[in-house]
Amino acid sequence: MMCYDTFFPEVARILVLEHADLLIISTNWERPRIQDWELCVRARALDNIIPIVAANRIGFDKESDFFGHSRISDPLGTVMSSLDSERPGYLQATIDYEQTRGLRHGYYSIYQDAHPETYSEKWHLQGNMDSKDPKTAVVKAEDAN
């Protein structure tokens with residue numbers, strides 16, 4: 001996955017449905033969005049019960065200040081290894097793919113329990129959203145029915 005893809009749960013879900021065992025994300029997220037980035041990485045892991053290796057850029061580029069904080073997360077989003085300082089480095093973690101399969105077929109049975117047919121009819125509403133005015137977006141979505 002690349003950078004902004006991290007914001008969209010659907011990208012990770014499609015990769016997992018196509019049998020990905022590990023997601024690798026290369027990003028250029030900048031300040032002040034450290035907490036947003038960390039949350040998105042953890043959420044994509046938990047959303048899909050999949051380990052993630054996420055590398056974020058460090059340093060400056062014109063007006064942008066990149067914060068790093070690269071990490072490896074387990075299938076539930078728990079950080080296994082991280083670079084919390086803003087310096088180049090290496091990460092290492094042992095990923096247990098059997099644990100991932102066990103979690104998916106045990107308590108976290110999201111693939112057996114999900115019912116995308118219940119919202120697939122509404123997916124077209126996303127294109128009607130006016131990103132400049134969230135209040136208008138809600139009205140447009142209701143008018144679409």
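Read-outs: derived from the displayed coordinates by stated rules, not from any lab. Everything quoted here is computed from the prediction, not taken from an experiment. Note: ideal-geometry Cβ built from the backbone for every residue, glycine included; neighbour counts use all protein chains shown.
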Once fully extended, how much extra length lies between F7 and H19, figured as 0.36 nm per residue of separation less the alpha-carbon to alpha-carbon distance? 2.3 nm
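Which translational diffusion coefficient, to the nearest whole µm²/s, is obtained for the range 3-109 from the Stokes-Einstein equation, given a Kirkwood hydrodynamic radius over C-alpha pairs, 37 °C and 0.692 mPa s?
Working: Rh = 14.1 Å.
The estimated diffusion coefficient comes to 233 µm²/s.
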If packing is taken as the average number of other Cβ atoms within 10 Å across a peptide's residues, how do 89-95, 39-45 rank, most packed first? 39-45, 89-95
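In which sequence would F7, F66, F60 go, from the one with the fewest C-beta neighbours within 10 Å to the one with the most?
Working: F7 13, F66 17, F60 10.
Exposure proxy ranking, most exposed first: F60, F7, F66.
For the range 18-77, run through the GluC sites (Glu not before Pro) and keep only the ones in DSSP coil with at most 10 other Cβ atoms within 10 Å of their Cβ. Before the final figure, lay out the partial values.
Values: sites: E18, E30, E38, E63; in loops: E18, E63.
Answer in residue order: E18, E63.
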